[in-house]
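Enquirer: Dropping a structure here in structure tokens format, bear with me for questions.
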Amino acid sequence: QVQLVESGGGLVQPGGSLRLSCAASGISFSVFAVAWYRQAPGKQRELVAVITSGGSTNYADSVKGRFTISRDNAKSTVYLQMNSLKPEETAVYYCTGYNGLGYWGQGTQVTVSS
């Protein structure tokens, strides 16, 4: 009964910051690789950031230097710190996990607007 639950989305002004959380249950979290995707209406789903079970990270070029993905294995939680947000980054943000099988959370809405 693996579950991934995203939280932390909301409305933020351009240039503002948000921290998203992805809480996992029903798995051995320490061996779970996690990625954040985002999807805006009418657009293709985009990979934003990934963190492996070993803690290495990768980012989309568009978010490098502004976003940080991290994990707290003791809390079975992955975070995405998003700084200097842009209106075009308005989207539903999804947490995904992989440990041999793939899992998706329900998504959390991020709206960047004045």
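Enquirer: So Gly65 ticks every box in (1) touching a Phe, Trp or Tyr at 6+ places or on another chain (Cβ under 8 Å); (2) surrounded by fewer than 16 Cβ atoms within 10 Å (Cβ to Cβ) but one. Which box is left unticked?
Expert: Unmet condition: (1).
Enquirer: Filtering the stretch 34-47 down to residues that are farther than 21 Å from Tyr98 by Cβ and of a type in the set (Gly, Ala, Ser), which residue is surrounded by the most Cβ atoms within 10 Å (Cβ to Cβ)?
Expert: Ala40
Enquirer: Quick one: which of Val50, Val92, Val110, Val31 is among the β-branched types (Val, Ile, Thr) and open to solvent by 60 Å² or more (accessible area, probe 1.4 Å)?
Expert: None of the others qualify; the one that does is Val31.
Enquirer: Read through the list (1) over 14 Å from the mean Cα position of the chain (by Cα); (2) of a type in the set (Lys, Arg); (3) within 12 Å of Leu20 (Cα to Cα), then give the number of the only condition that Lys75 fails.
Expert: (3)
Enquirer: Of (1) open to solvent by 60 Å² or more (accessible area, probe 1.4 Å); (2) in contact with a Leu (Cβ under 6 Å, 6 or more places away or on another chain), Leu20 satisfies all except one. Which?
Expert: Status for Leu20: all satisfied but (1).
Enquirer: Moving to a separate point now. Go through the stretch 68-83 and give me each residue that's in contact (Cβ under 8 Å) with a residue 12 or more places away in the chain and of a type outside the set (A, V, I, L, M, F, W, C).
Expert: If the condition is that a residue be in contact (Cβ under 8 Å) with a residue 12 or more places away in the chain and of a type outside the set (A, V, I, L, M, F, W, C), then Thr68, Ser70, Arg71, Asn73, Lys75, Ser76, Thr77, Tyr79, Gln81, Asn83 are the ones that fit.
Enquirer: Scan the stretch 56-67 and report the pairs whose first residue is assigned to a loop (DSSP other than H, G, I, E, B) and whose second residue is surrounded by fewer than 15 Cβ atoms within 10 Å (Cβ to Cβ) and not hydrophobic (A, V, I, L, M, F, W, C), with Cβ atoms within less than 8 Å and a gap of 6+ or a chain change.
Expert: Between residues of the stretch 56-67 that are assigned to a loop (DSSP other than H, G, I, E, B) and residues that are surrounded by fewer than 15 Cβ atoms within 10 Å (Cβ to Cβ) and not hydrophobic (A, V, I, L, M, F, W, C), the close pairs are Arg66/Asn83; Arg66/Ser84.
Enquirer: All but one of (1) in a helix (DSSP H, G or I); (2) free of Cβ contacts under 8 Å to residues at least 24 places away in the same chain; (3) of a type in the set (Ser, Thr, Tyr) hold for Ser30, so report the exception by its number.
Expert: Just one mismatch for Ser30, condition (2).
Enquirer: Could you please let me know if Val5 is on the phi < 0 side of the Ramachandran plot and either assigned to a loop (DSSP other than H, G, I, E, B) or open to solvent by less than 40 Å² (accessible area, probe 1.4 Å) (or both)?
Expert: Criteria not met by Val5.
Enquirer: Checking Lys86 against (1) in contact (Cβ under 8 Å) with a residue 24 or more places away in the chain; (2) open to solvent by less than 70 Å² (accessible area, probe 1.4 Å); (3) not hydrophobic (A, V, I, L, M, F, W, C): exactly one of these is not met. Which one?
Expert: Lys86 satisfies all of (1) in contact (Cβ under 8 Å) with a residue 24 or more places away in the chain; (2) open to solvent by less than 70 Å² (accessible area, probe 1.4 Å); (3) not hydrophobic (A, V, I, L, M, F, W, C) except (2).
The values are calculated or read from the model by the stated rules, or taken from the named source; none is laboratory data. Bear in mind the structure is a predicted one, so any value in this text is a computation, not a measurement. We place every Cβ from the backbone using ideal geometry, glycine too, and count neighbours over all the protein chains shown. Note: areas computed on protein heavy atoms with side chains; ligands, DNA, RNA excluded. Shrake-Rupley method; radii C 1.70, N 1.55, O 1.52, S 1.80 Å.
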